[in-house]
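The next block holds one structure in the form of structure tokens; read it before the comments.
The values are calculated or read from the model by the stated rules, or taken from the named source; none is laboratory data. Since we're looking at a predicted model, the values are computed, not measured. A quick note on method: Cβ atoms are made from the backbone with ideal geometry, for glycine too, and the neighbour counts reach across all protein chains shown.
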Amino acid sequence: MRTPASSTIPAMGEGTDWRRRVIAAGPWVFAGLLGLHVLSILLWPNANFYEIDMLVYQAGGGRVLDGAPLYDGPVTSGLLFTYPPFAGVLFAPFSLVPELVARFLVLGADVALLFLVSRVCWRSLTTHRGAELTRLGLFTTGLAIWLDPVRITLYLGQINVLLLAIVTWDLVCAREKWRGAGTGIAAGIKLTPLLFIPFLLLTRRFRAAAIASATFAVTVGISFVAAPRSAAQYWFHGTFLDLNRVAFPFNPGNQSINGGLLRAMGQTHAEKITWLIAAVVVGVAGMALAVVLHRKGHTLAAISMAGMLSCVVSPYSWNHHWVWPVLLLVWLLARGAYRSAAVFWLVCLGFPDEYPSHSDSNILSGWLYLPASGWPREVLHNWWVLCYLGCAVGFVLWLRRNARVAAESSVPVMV
């Protein structure tokens with residue numbers, strides 16, 4: 001089921017040679033790009049198949065099963081559990097899976113979820129069905145594997161693709177009476193999807209916003225039942241506000257407004273005030289843009305921009321949190337904006353910053369960690385924030401141009 005505001009594109013590009021070539025090439029593009037990723041795992045496993053975050057999830061789930069605290073110290077390999085306690089409850093059964101099996105299970109699940117997201121997006125945007133829809137989904141799944149946030153998610157065994165799939169399915173495909181439930185569950189696993197609740201409110205989907213809020217509250221309640229001590233520590237003792245539990249907040253991997261300001265100004269009172277002001281301004285403007293896109297019928301673009309906005313205004317957003325461009329890539333391709341899609345894919349591309357020839361520890365990380373100094377270094381270290389701002393400016397200009405064209409076409413011609 002499609003949301004009422006979404007717009008299907010029955011003719012744009014579907015009969016063109018380009019679209020037919022994409023449909024024909026879909027399985028081959030998917031197999032080739034997935035094969036390159038598998039090859040990188042075989043050649044440099046530590047640099048491409050580390051999956052340390054998967055071990056954190058397993059360890060956190062194990063602590064919940066054992067009745068041990070989640071937040072008193074490292075759970076595995078010196079790493080802390082930084083997620084809401086509901087995530088630990090959800091991961092409890094996963095902790096029983098043998099590590100080697102879990103590694104391949106997570107990798108396969110991430111690729112399958114990417115395909116699900118791609119197929120759902122194409123289905124909401126076009127009239128293609130059946131084998132053609134599957135081939136289009138495979139085409140963009142192959143491209144998505146090499147987007148930097150997705151590639152790092154696969155490398156770490158992260159849950160970002162899972163959250164992307166839950167929210168996308170919820171806001172694009174879910175039945176009206178259940179819409180919002182997936183968003184609430186996603187927020188219970190990681191807090192940043194909470195931003196979709198005001199998005200639902202502002203797009204006048206009040207029932208979905210209420211369901212999302214109620215579902216999130218249920219996840220909190222479940223955590224107090226299953227892990228009461230950890231839940232109390234997380235929610236009542238400020239654990240969820242402690243950025244130092246995530247990582248060093250100055251880290252270039254912190255791709256948020258706060259991260260950029262911390263690197264520029266240091267951890268000062270002035271930085272906190274500046275971040276709060278900037279987060280509010282960008283948050284309000286970005287949410288307004290997402291709402292306008294939704295009301296114009298560009299639902300996927302709106303979800304993508306709202307998801308990226310949640311990363312921008314969050315106190316700490318790792319580069320692998322930025323999986324939301326997957327939706328925008330499909331939206332551009334479906335609209336026939338092939339050059340824009342190609343440029344966007346290159347901007348989001350993950351590739352070697354140090355080609356792993358002598359070491360097994362180099363990580364394919366994209367533009368963010370390219371060696372540079374001076375102002376180019378500052379640009380690269382704020383790559384994803386600038387990517388969001390560039391997309392926002394591009395959408396504003398595009399919407400204004402469309403409004404101008406519509407106004408000119410409605411002016412009566414004097415004879």
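Quick look at the numbers
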{"read-out": "Residue within segment 3-16 that is touching a Lys or Arg at 6+ places or on another chain (Cβ under 8 Å), charged (D, E, K, R) and at pLDDT below 95 present", "value": "no"}
{"read-out": "Helices (runs of 4 or more DSSP H) enclosed by segment 37-136 - at least 2 residues per element that are modelled with pLDDT under 95", "value": "45-48, 52-66, 99-125"}
{"read-out": "Close pairs from segment 102-119: first more than 13 Å from Leu327 (Cα to Cα), partner outside any helix (DSSP H, G or I) and at pLDDT 95 or above, Cβ under 7 Å, at least 6 apart", "value": "Leu105/Val97"}
{"read-out": "Residue within segment 214-221 that is in a helix (DSSP H, G or I), aliphatic (A, V, I, L, M), modelled with pLDDT under 95 and farther than 19 Å from Tyr83 by Cβ present", "value": "no"}
{"read-out": "Qualifying residue in segment 373-383 (condition: of a type outside the set (Ser, Thr, Tyr), out of contact with any His (no Cβ under 8 Å at 6 or more places or on another chain), surrounded by 16 or more Cβ atoms within 10 Å (Cβ to Cβ) and more than 26 Å from Ala47 (Cα to Cα))", "value": "no"}
{"read-out": "Hits in segment 235-276 (condition: of a type in the set (Lys, Arg) and either surrounded by fewer than 16 Cβ atoms within 10 Å (Cβ to Cβ) or in a loop (DSSP other than H, G, I, E, B) (or both))", "value": "Arg245, Lys272"}
{"read-out": "Any chance Leu107 is over 19 Å from Ala334 (Cβ atoms) and in contact with a Leu (Cβ under 8 Å, 6 or more places away or on another chain)", "value": "yes"}
{"read-out": "Counted residues, segment 188-236 - those being without any contact (Cβ under 8 Å) to a residue 60 or more places away in the chain and charged (D, E, K, R)", "value": "3"}
{"read-out": "Enumeration of residues in segment 296-338 that are closer than 30 Å to Ala406 by Cβ, assigned to a loop (DSSP other than H, G, I, E, B) and either free of Cβ contacts under 8 Å to residues at least 24 places away in the same chain or of a type in the set (Val, Ile, Thr) (or both)", "value": "Ala337"}
{"read-out": "Pairs with Cβ under 6 Å, 6+ apart, first in segment 357-378 and at pLDDT below 80, second of a type in the set (Phe, Trp, Tyr) and buried (at least 16 other Cβ atoms within 10 Å of the Cβ)", "value": "Asp360/Trp44"}
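Yes/no matrix, rows are residues, columns are (1) more than 30 Å from Arg175 (Cα to Cα); (2) in contact with a Gly (Cβ under 8 Å, 6 or more places away or on another chain):
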residue: Leu70; (1), (2): yes, yes
residue: Pro74; (1), (2): yes, no
residue: Pro85; (1), (2): no, no
residue: Val97; (1), (2): yes, no
residue: Val101; (1), (2): yes, no
residue: Val106; (1), (2): no, yes
residue: Ala112; (1), (2): no, no
residue: Val117; (1), (2): no, no
